[in-house]
Amino acid sequence: MTHPPVRGARALVPLVVAVLVLALAGCGLSAPDSGNGGDREAGKAAPRLADVEPLADPREWKGASSAVVADSAVEPVASPTPELPVTVTDNQGTEVTVEDASRILALDVYGTLARTVFELGLGDNVVGRDTTTQFAEAADLPLVTQNGHDLSAEAILELDPTVILTDTSLGPWNVVLQMREIGIPVVVLDSHRGLGNVDSLITDVAEALGVPEAGRALVERTSAEVDEVRAVLEEVAPEDVTDQLRAVFLYVRGQAGVYYMFGAESGAEGLIDALGLYDVAAEIDWSGMKPVTDEAIIAAQPDVVLMMSGGLESVDGVPGLLERLPALANTPAGERERFVDMEDSQILGFGPQTAEVLNALGVAIYAPEALR
């Protein structure tokens, strides 16, 4: 589970992003909202990108699109029996011994850890959830978060967990430390989410729970699914960089006037690259997540803007976004209202559903007619 350290300023970026997410959560501006954006109706589920006709010129499309995963049902790779005890060294260098996985809490700001536990085949052992764990199989579990994404020590203790899997994306951190101090094994996993560490995150979860073989099976399945979708995306996306859609990822919480653009090391850059889009953030040297400016929007001149559905809902849709960020109206994306949104807990979750997420976004970008 221990990975080679990344030295220098780049090593700090995931931590800064996680801290900022926590700061926003403390103001009621959490990163992913539950559900798909409040009362906003979900769009049509995306078909397989390989089965639809892509646009001849994706730059000419006008109108917003919602990327909706077609089937979010859990499909466990196995019915494993944990081989315990196991001792692992977590992402913070702490040696943790797990002796019992009968009552699991898997908690992070995207719901990725819980989804991974369910896909490994240990869903029946999960006793609670965070607010972003929204898939049907876990929806009836009691919440251990309150006021958005604040962990509740009382709620956690009531569930008597035998192991807690988490990362630094949820807080208050003293709650996590309190659980460890009273004797509950707490395994802190990598808080960074991106295409580059999907496999290692699954592996780390599986090893901590004593089901390494199920972990290998889930890694193999997830990797194969992602490779299949990426191959289709390579076929439909323009090969020449000058023909690729210029793209940015905006994080918005309109109720508090929060407008951020995500850049390098935020996870968005890997998503944009996998979709065959041109990452404008790299061109303008935008890293992490920072408040967007009119100058940055004008410099970026995006053809398409990726967003969380909850963020778009918070500004009353595309018209409200253009009203609040008028500089966007003077870009190709604004002129054509070319905005693609996706459920907050999915778009940057990077877990076992990565292939479905890429497929749904690919359809929304390259074959939006299939969603009408």
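Within the range 261-298, can you find the residues that are surrounded by fewer than 20 Cβ atoms within 10 Å (Cβ to Cβ) and under 21 Å from Arg324 (Cα atoms)?
Of everything in the range 261-298, those that are surrounded by fewer than 20 Cβ atoms within 10 Å (Cβ to Cβ) and under 21 Å from Arg324 (Cα atoms) turn out to be Lys290, Pro291, Thr293, Asp294, Glu295, Ala296, Ile298.
Please determine whether any residue of the range 128-137 is more than 21 Å from Gln353 (Cβ to Cβ), of a type outside the set (Gly, Ala, Ser), not in a helix (DSSP H, G or I) and not assigned by TED's automatic domain parsing to the domain that holds Met308.
Within the range 128-137, none of the residues are more than 21 Å from Gln353 (Cβ to Cβ), of a type outside the set (Gly, Ala, Ser), not in a helix (DSSP H, G or I) and not assigned by TED's automatic domain parsing to the domain that holds Met308.
Filter the range 108-127 down to the residues that are part of a loop (DSSP other than H, G, I, E, B) and within 21 Å of Asn174 (Cα to Cα) and list them by number.
As a first pass, look at the range 108-127 and keep what is part of a loop (DSSP other than H, G, I, E, B): 108-111, 127.
Scanning the range 108-127 gives Asp108, Val109, Tyr110, Gly111.
State the number of residues belonging to the range 122-164 that are in contact with a helix residue (DSSP H, G or I) (Cβ under 8 Å, 6 or more places away or on another chain), among the small types (Gly, Ala, Ser) and either at pLDDT below 95 or surrounded by 23 or more Cβ atoms within 10 Å (Cβ to Cβ) (or both).
2
Quick check on Val241: is it without any contact (Cβ under 8 Å) to a residue 40 or more places away in the chain, surrounded by fewer than 18 Cβ atoms within 10 Å (Cβ to Cβ), more than 30 Å from Val96 (Cβ to Cβ) and hydrophobic (A, V, I, L, M, F, W, C)?
On the way: without any contact (Cβ under 8 Å) to a residue 40 or more places away in the chain: yes; surrounded by fewer than 18 Cβ atoms within 10 Å (Cβ to Cβ): yes; more than 30 Å from Val96 (Cβ to Cβ): yes; hydrophobic (A, V, I, L, M, F, W, C): yes.
Judged against the criteria, Val241 is a match.
Which one of the conditions (1) surrounded by fewer than 18 Cβ atoms within 10 Å (Cβ to Cβ); (2) touching a helix residue (DSSP H, G or I) at 6+ places or on another chain (Cβ under 9 Å); (3) at pLDDT 95 or above does Gly196 fail to meet, given that it meets all the rest?
Of (1) surrounded by fewer than 18 Cβ atoms within 10 Å (Cβ to Cβ); (2) touching a helix residue (DSSP H, G or I) at 6+ places or on another chain (Cβ under 9 Å); (3) at pLDDT 95 or above, only one is false for Gly196: (3).
Can you go through Val127, Val144 and tell me which one is touching a Gly at 6+ places or on another chain (Cβ under 9 Å) and in contact (Cβ under 8 Å) with a residue 24 or more places away in the chain? So that I can check it myself, show each step before the final result.
Values: Val127 fails: touching a Gly at 6+ places or on another chain (Cβ under 9 Å).
None of the other options fit; the residue is Val144.
Among the candidates Gly276, Gly270, Gly263, Gly288, single out the residue that is touching a helix residue (DSSP H, G or I) at 6+ places or on another chain (Cβ under 6 Å), modelled with pLDDT of 95 or more and not hydrophobic (A, V, I, L, M, F, W, C). Outline the logic, then answer.
Numbers: Gly270 fails: modelled with pLDDT of 95 or more; Gly263 fails: modelled with pLDDT of 95 or more; Gly288 fails: modelled with pLDDT of 95 or more.
The match here is Gly276.
Name the residues in the range 181-202 that are assigned to a helix (DSSP H, G or I) and without any contact (Cβ under 8 Å) to a residue 60 or more places away in the chain, would you? Before the answer, list the steps.
Just the residues of the range 181-202 that are assigned to a helix (DSSP H, G or I), to begin with: 181, 195-202.
Within the range 181-202, Glu181, Asp199 qualify.
Can you tell me how many residues within the range 296-325 are within 15 Å of Asp344 (Cβ to Cβ) and assigned to a helix (DSSP H, G or I)? Reasoning before the result, please.
Just the residues of the range 296-325 that are within 15 Å of Asp344 (Cβ to Cβ), to begin with: 306-315.
Now drop any that are not assigned to a helix (DSSP H, G or I), which leaves 309-314.
Result for the range 296-325: 6.
Confirm whether Asp140 is of a type outside the set (S, T, N, Q) and part of a loop (DSSP other than H, G, I, E, B). Working first, answer last.
Details: of a type outside the set (S, T, N, Q): yes; part of a loop (DSSP other than H, G, I, E, B): yes.
It is true that Asp140 is of a type outside the set (S, T, N, Q) and part of a loop (DSSP other than H, G, I, E, B).
Please specify each residue of the range 312-334 satisfying the condition of being under 24 Å from the mean Cα position of the chain (by Cα), buried (at least 21 other Cβ atoms within 10 Å of the Cβ) and small (Gly, Ala, Ser).
Passing the criteria: Ser314, Ala333.
Are any residues in the range 61-106 in contact (Cβ under 8 Å) with a residue 12 or more places away in the chain, among the charged types (D, E, K, R) and surrounded by fewer than 12 Cβ atoms within 10 Å (Cβ to Cβ), and if so, which ones?
Hits for the range 61-106 are Lys62, Asp71, Glu75.
Say whether the condition of being part of a helix (DSSP H, G or I), over 13 Å from the mean Cα position of the chain (by Cα), at pLDDT 95 or above and not assigned by TED's automatic domain parsing to the domain that holds Gly148 is met by at least one residue in the range 335-348. Even if it seems obvious, please write down each step before you answer.
Let us first name the residues in the range 335-348 that are part of a helix (DSSP H, G or I), namely 335-336, 344-347.
Among the residues that remain, those that are also over 13 Å from the mean Cα position of the chain (by Cα) are: 335-336.
Pick out the ones that are also at pLDDT 95 or above and you get 335-336.
Those left that are additionally not assigned by TED's automatic domain parsing to the domain that holds Gly148: 335-336.
Yes: one or more hits.
Do you know which of the residues in the range 299-311 that are hydrophobic (A, V, I, L, M, F, W, C) and closer than 19 Å to Thr354 by Cα is surrounded by the fewest Cβ atoms within 10 Å (Cβ to Cβ)?
The first filter runs over the range 299-311 and keeps only residues hydrophobic (A, V, I, L, M, F, W, C), leaving 299-300, 304-308.
Now narrow it down to the ones that are closer than 19 Å to Thr354 by Cα: 306-308.
Details: Leu306: 27, Met307: 23, Met308: 26.
Ranking the qualifying residues of the range 299-311, first place goes to Met307.
The values are calculated or read from the model by the stated rules, or taken from the named source; none is laboratory data. Quick caveat, the model's predicted, so the values are computed rather than measured. Quick reminder, even Gly has a Cβ in these numbers, built from the backbone with ideal geometry, and neighbours come from all protein chains shown.
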